[in-house]
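Novice: Quick one: structure below, then a few questions.
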Amino acid sequence: MSALKLIMSTILALVVAVVAGGTSSSAPAPESSPPETRWSWPLSPKPSVLRTFDPPDKPWLSGHRGVDLGPTPDGAPVTAPSDGVVTFAGVVVDRPVLTIDQGDGLKSSFEPVTSELKAGDTVRKGQLIGSLEPGHCSSATCLHWGVRRGEDYVNPLGFVEDMRPSILLPLR
């Protein structure tokens, strides 16, 4: 009977190792960052996720390339989730957008956010970067937060929440 338990424990350990090693490129690896460098939520208190990340199968297809956070009042303060440099502050189509380069190929975008910041300004984690405007979510004021790694959109929640799957471990 103990040989069966040993075999089952070994198989379970192998399955756990394979599952843990097979992380998706659409989510960052939060465990690789020390806790002090983790990002913070761009809205405070921690907002609800009104619409989740739903990347398209192909870059040209429709999808949701970020998350919608809220609901929150018009004019709510939006803060930098991490240190970075503003690369864009302006209007895209009909919405004010702010983009921050966090380094290591990561860029965050926030809309609809009005800001006094301009391209080249340095921001620190938690710093006020702008005010939330109405216009993104039809029924409530919300923040659309997108993150790109290079040209690929990734799930912003992976930077502020532990997105690793739950793993059942064997009983001893």
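The values are calculated or read from the model by the stated rules, or taken from the named source; none is laboratory data. Because the structure is predicted, anything quoted here is derived from the model rather than measured. No Cβ is skipped: glycine too gets one built from the backbone with ideal geometry, and neighbour counts run over all protein chains shown.
Novice: Do we have any residue at all in region 123-130 that's part of a strand (DSSP E or B) and polar (S, T, N, Q)? Spell out how you get there, then give the answer.
Specialist: At the first step, the residues of region 123-130 found to be part of a strand (DSSP E or B) are 123, 128-130.
Narrowing the set further to residues that are polar (S, T, N, Q) leaves none.
No: zero hits.
Novice: Taking region 126-170 as the region of interest, how many residues are farther than 17 Å from L43 by Cα and acidic (D, E)?
Specialist: 3
Novice: Can I ask one more? I'm trying to understand the selection: among the residues of region 80-100, which are in contact with a Gly (Cβ under 9 Å, 6 or more places away or on another chain) and surrounded by fewer than 18 Cβ atoms within 10 Å (Cβ to Cβ)?
Specialist: Within region 80-100, D83, V85, T87, D94, R95 qualify.
Per-residue answers, yes or no, for (1) touching a helix residue (DSSP H, G or I) at 6+ places or on another chain (Cβ under 9 Å); (2) within 22 Å of P55 (Cα to Cα):
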{"residue": "T99", "(1), (2)": "no, yes"}
{"residue": "F110", "(1), (2)": "no, yes"}
{"residue": "T114", "(1), (2)": "no, no"}
{"residue": "N155", "(1), (2)": "no, yes"}
{"residue": "V160", "(1), (2)": "yes, yes"}
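Novice: Go through (1) under 19 Å from V123 (Cβ atoms); (2) outside any loop (DSSP other than H, G, I, E, B) one by one and return the number of the condition V91 breaks.
Specialist: (1)
Novice: Pull up region 140-172, narrow it to residues that are assigned to a loop (DSSP other than H, G, I, E, B) and of a type in the set (G, A, S), then point me to the one that is farthest from V97 (Cα to Cα). Please lay out each step first, then the result.
Specialist: Kept after step one, since they are assigned to a loop (DSSP other than H, G, I, E, B), are these residues of region 140-172: 140-142, 150-151, 155, 160-172.
Subset that is of a type in the set (G, A, S): 140, 150, 166.
Working: A140: 18, G150: 18, S166: 35 Å.
Selected residue: S166.
Novice: Failed condition for G90, given (1) touching a Phe, Trp or Tyr at 6+ places or on another chain (Cβ under 9 Å); (2) modelled with pLDDT of 90 or more; (3) of a type in the set (G, A, S), with all others met?
Specialist: (1)
Novice: Here's something else I'd like to know. Being farther than 14 Å from F159 by Cα, basic (K, R), surrounded by 16 or more Cβ atoms within 10 Å (Cβ to Cβ) and out of contact with any helix residue (DSSP H, G or I) (no Cβ under 8 Å at 6 or more places or on another chain) narrows it down to one residue among R124, R65; which is it?
Specialist: Working: R124 fails: surrounded by 16 or more Cβ atoms within 10 Å (Cβ to Cβ).
Residue meeting the stated conditions: R65.
Novice: Select from region 99-122 the residues that are assigned to a strand (DSSP E or B) and among the polar types (S, T, N, Q) and write down the one among them that is nearest to P77 (Cα to Cα).
Specialist: Among them, the one singled out is T114.
Novice: Given the options D54, D68, name the one that is free of Cβ contacts under 8 Å to residues at least 40 places away in the same chain and touching a strand residue (DSSP E or B) at 6+ places or on another chain (Cβ under 7 Å). It would help to see each step written out before you state the result.
Specialist: Working: D68 fails: free of Cβ contacts under 8 Å to residues at least 40 places away in the same chain.
Just a single option satisfies the conditions, and that option is D54.
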